[in-house]
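One structure is given below, encoded as structure tokens.
The values are calculated or read from the model by the stated rules, or taken from the named source; none is laboratory data. Only a predicted model underlies this, so the values are computations on that prediction, with no experimental measurement involved. Cβ placement follows ideal geometry from the backbone for every residue including glycine, while neighbour counts extend to all protein chains displayed.
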Amino acid sequence: MNLRERLKDKQRIVIKVGSSSLVHEETGALNLTKLEILVREISDIRNMGKEVILVSSGAIAVGAAAAKLAERPGTTEEKQACAAIGQGRLMMIYQKLFMEYNQLAAQILMTKNTVLDNLSRHHALNTFRELLHMGAIPIVNENDTVATYEIHFGDNDSLSAIVAALVDADLLILLSDIDGLYTDDPNQNPHAEFIDIVTELDQHLLEMGKESSGSSVGTGGMASKLQAAQLAGAAGVDMVIANGEDFHVIHKIIQGRNHGTLFISRPEKEFYLIDYLEQL
Ligand code: GLU
């Protein structure tokens, strides 16, 4: 059977969009045209009767653009202040656009402690379940204004895999500024070949992940995406890495068409989210 066919049956889908896919590179301000397409795609998945959770970056980038900072925020305080400004703006736009499609959008901000602590993880899961039950679209980000180094997820690639594992999603889609996984860095090696499907994420593939993200906004490179694939796979969540340049790719992916790299999950018999979290 074509392994892509299984994507048609996914019911609980987590979609992660990176900052570089949401803002204009030159100014850091939100790309409203792209956001409209993203919101329409997600609303349509809801209309198909499926559940969607959006993990959206962009708080820091949007805050920095709003505050008209001359340079990219450098210190922790600067980033946290920008996130405080940007997260609100980001949600304001999401709420407005989702309302146009008569969708309920909800905000969930988390830190690593939310998942490490048994009681708060339990409550977070209950909140996700209740929101999905209400037919809402949870929009998740790291709580950047209070998350300092010790309690940092690191990047939203990891966060989205953790959320997918927590809520028992069946598909995680990571949309970024890369088409998927190549045998080498395609920007440096013209012979690098695209990898369509990964059925086993072995050490060789993990080492191929390069640390650089290639963009001036956002944090996650290929290494963090492969780490996310490892976590998601162990939790039984299939994952697709695709280019977020055109968000129409979302419905194409869930129609089982050939877009991005598909990572087939290999669920671990005894999967403990906490063990994975401690490695981050
Ligand atoms: N949480 C950060 C933000 O919203 C982004 C982190 C990431 O892109 O990995 O600005």
*Working carefully through the options Asn156, Asn189, find the one that is more than 16 Å from the ligand (Cβ to nearest atom) and not charged (D, E, K, R).*
Asn189
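Does Val240 qualify as being at pLDDT 95 or above, surrounded by 15 or more Cβ atoms within 10 Å (Cβ to Cβ) and touching a Phe, Trp or Tyr at 6+ places or on another chain (Cβ under 8 Å)?
So Val240 passes the test.
Specify which of the listed residues (Ile37, Ile15, Ile60, Ile42) is within 21 Å of Asp144 (Cα to Cα) and at pLDDT 95 or above.
Ile15
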*Taking the stretch 252-280, which residues are buried (at least 16 other Cβ atoms within 10 Å of the Cβ), part of a helix (DSSP H, G or I) and of a type outside the set (A, V, I, L, M)?*
Lys252, Tyr276
*Hey, does the stretch 2-18 have a residue that's closer than 28 Å to Ala169 by Cβ, of a type in the set (Asp, Glu) and touching a strand residue (DSSP E or B) at 6+ places or on another chain (Cβ under 7 Å)?*
no
_Residues within the stretch 164-178 that are modelled with pLDDT of 90 or more and either touching a strand residue (DSSP E or B) at 6+ places or on another chain (Cβ under 6 Å) or assigned to a loop (DSSP other than H, G, I, E, B) (or both), tallied_ = 10
*Could you grab me the full set of residues in the stretch 45-76 that are farther than 22 Å from Ala161 by Cβ, within 15 Å of the ligand (Cβ to nearest atom) and assigned to a helix (DSSP H, G or I)?*
Val62, Gly63, Ala64, Ala65, Ala66, Thr76
*Picking from Leu159, Leu90, which residue would you name as being part of a helix (DSSP H, G or I) and out of contact with any helix residue (DSSP H, G or I) (no Cβ under 8 Å at 6 or more places or on another chain)?*
Leu159
_Any hit, the stretch 122-130, residues being in a helix (DSSP H, G or I), away from the ligand (no atom under 16 Å from the Cβ) and basic (Lys, Arg)_ = yes
*Lone qualifier among Gln80, Gln103 - being buried (at least 16 other Cβ atoms within 10 Å of the Cβ) and at pLDDT 95 or above*: Gln103
